[in-house]
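Undergrad: Pasting in a structure now, in structure tokens, and then I'll have a few things to ask.
The numbers here are math on the coordinates, done by the rules we state, and not lab data. Every value quoted in this text rests on a predicted model; they were computed, and no experiment measured them. Quick reminder, even Gly has a Cβ in these numbers, built from the backbone with ideal geometry, and neighbours come from all protein chains shown.
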Amino acid sequence: MKKDFSQYYSLYVGNLSNITFDQDLYKFFQSKGYKLAGAKVMFNRETSQSKCFGYLNFHSAEEAERCLAEQNNAKIDNKSIVLNKKKDSDFDRDANLLVLNLPKELDQLGLS
């Protein structure tokens, strides 16, 4: 069952070291005085390798904004992290799609 994070305010954390885990993230930001609801590092399910990014969840938008302003480019495990606001959706309706390796005889009408 998926956790409902709708009541939380999230920040994306990028450029993490492959040795940084959930608890490391949580402890780092908690030690800086932030009140976190949770921290999650994302892993590849097949290889169990870190994807080197994760998310911080806050109880208030103000706390998330303060963290974003103060901790972008902070160093965790000797890597400068990147903080961004989490997008509401991973699906972008305005995105273009590039499809490669189609048969040469396929035309525009064949794609629709």
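Undergrad: Report the full-extension gain for the segment K79 to S17: residue separation times 0.36 nm, less the Cα-Cα distance, to one decimal in nm.
TA: Gain on extension, K79 to S17, equals 21.7 nm.
Undergrad: Within a 10 angstrom radius of the beta carbon, how do T47, T20 rank from fewest other beta carbons to most?
TA: So the residues, fewest neighbours to most, are T47, T20.
Undergrad: So what's the convex hull volume per residue for the Cα atoms of segment 9-85, in Å³?
TA: 75 Å³
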